[in-house]
Each structure stands twice: as structure tokens, then as C-alpha cells.
Amino acid sequence: MNRLSNRSGRTLLALISLALCVIGLRYVLMPRAVQAQARATAALKDNAELARLHDEDQADRAPANAKDIDWKVVGPRDKARLARVKELYTQNKLYTGADYYYAAMILQHGAAPEDFLLAHEFCVVAIIKGKNDKDTRWLAAASEDRFLMNINRPQRFATQYRADPITAPYRLYTVDEGVTDELRSALSAPSLAKAKAQEAEINKQ
């Protein structure tokens, strides 16, 4: 009886030891798996084509006064860049926060409300992926404003101006004054007072 008891005890101890080993192995391997995933994420490189498209987009808008831009030349370029960004998006070739930001900037220069809404969503993703800087936060606000403006709703962050007709002075588009300057500041947008003052500066150019 004692032998049987001793044998059962040894078996039980062996099983307990095995279980502890398995648990310990899981704790050892789990951080390595997490680290490997982090390394893989860090290894992602910005899409060079998106960076180039973004730089070209900004170069076409180099004149300080938007009225000096030759839209007969820039317009077709914008359309081509927009189409290419949408292709890259549907092909899952946006990898990093910078990629989403570059794509959002090109979408911001699209033509349809859906372009501006997608630009806003891309900014959210860019921030989640680590590109949480002033430029990205501002574009998140500006793309939402442009979307609202193009569906004839008041903007929220006071980033959008409109000349209607194009030869008329620029005016700050209608603003939802229920939005606080604190919220605007969190998205790197100007206070309402600064936005109104900027209207005069824009028309001096």
C-alpha cells in the first residue's frame, strides 16, 4: 500500500512539475512573440511612391496665394494623384502612419465629399500608427471641415475658407460656434478669433 501511495505521489509530483514547466515556457515565449511582432511593425517602411505623390502635391501648391495657381495644369495632376492613391489603398499598400498621412493630404485635394471623409479617416489611422503630430492633427480637423462644407453643413474647427465666385475675396466658411476653442486646440486648429483674423491676412496676399 505504501509503495502504491509513494508511486502515486511521485506521479502527481511529475505532473505538477510538467504543468509548471509548460506555464513557465509560455511566459518565456510570450514576450518573445510580442517582441517579434513589434520588430516586424517597426520594420515596415514608408511607401516611397506615396511620399513622392505628396511632395508633388505640395509643390503644385507652392504659391503663397492660391489664386496664383494654374488650376488648368494642377487640376489634372490632382485627379491623377487621387486615382493612384485610391489604387494603392485598395491594394493594401498603405503601411505606416506617414503613408496614411500622405494619402490623406492628396485626398484632401479631391473633389467629392467622400474623398474628404476618407482623408479624415486616414488621419485617424495615421495617429493610431504613431504619427501623432501637429500636421496630422490639423489635417484630421481640416478634412472633417472640408467634408462638412461640401455637404452644406457648418464646419467645426474653423479651417476652411471659400471664395465664391473664385474671383471674390475669401471668407471663413460658416462655423459651428458650439465647438470650443479647447477642442480646436487639441487638433492643432486655430481659435475662432484667430481664424476670423486670418481671413483678412489671406485676402492681403
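Tabulated data
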{"read-out": "Test result for Y101, in the same structural domain as E144 (by TED's automatic domain parsing), at pLDDT 95 or above and not in a loop (DSSP other than H, G, I, E, B)", "value": "yes"}
{"read-out": "Residue that is farthest from A141 (Cα to Cα) [pool: residues in segment 74-101 that are of a type in the set (F, W, Y) and touching a Phe, Trp or Tyr at 6+ places or on another chain (Cβ under 9 Å)]", "value": "Y89"}
{"read-out": "Selected residue [surrounded by 13 or more Cβ atoms within 10 Å (Cβ to Cβ), within 25 Å of K45 (Cβ to Cβ) and among the acidic types (D, E)] from D133, D115", "value": "D133"}
{"read-out": "Evaluation of Y95 against (1) surrounded by 14 or more Cβ atoms within 10 Å (Cβ to Cβ); (2) aromatic (F, W, Y); (3) free of Cβ contacts under 8 Å to residues at least 12 places away in the same chain (one fails), failing number", "value": "(3)"}
{"read-out": "Residue that is surrounded by the most Cβ atoms within 10 Å (Cβ to Cβ), among those in segment 163-194 that are modelled with pLDDT of 90 or more and among the acidic types (D, E)", "value": "D181"}
{"read-out": "Test: V125 is more than 21 Å from A98 (Cα to Cα) and either at pLDDT 95 or above or not in a loop (DSSP other than H, G, I, E, B) (or both)", "value": "no"}
{"read-out": "Matching entry among R77, R26, R61 (being modelled with pLDDT under 55 and basic (K, R))", "value": "R26"}
{"read-out": "Those residues of segment 149-204 which are under 19 Å from D115 (Cα atoms) and part of a helix (DSSP H, G or I), in sequence order", "value": "M149, N150"}
{"read-out": "Contacts under 7 angstrom Cβ, first residue in segment 124-136 being under 13 Å from A104 (Cα atoms), partner among the polar types (S, T, N, Q) and part of a helix (DSSP H, G or I), 6 or more apart", "value": "A126/T136; I127/T136"}
{"read-out": "Pair list, Cβ < 8 Å and 6+ apart or interchain, from segment 189-204 residues that are among the polar types (S, T, N, Q) to residues that are assigned to a helix (DSSP H, G or I)", "value": "S191/D181; S191/R184; S191/S185"}
{"read-out": "Unmet criterion (only one of (1) in contact (Cβ under 8 Å) with a residue 12 or more places away in the chain; (2) assigned to a helix (DSSP H, G or I)) for P76", "value": "(1)"}
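The values are calculated or read from the model by the stated rules, or taken from the named source; none is laboratory data. Treat the numbers as computed from the prediction; the structure is a model and nothing was measured. Glycine also receives a Cβ, built like all others from the backbone with ideal geometry; neighbour counts cover every protein chain displayed.
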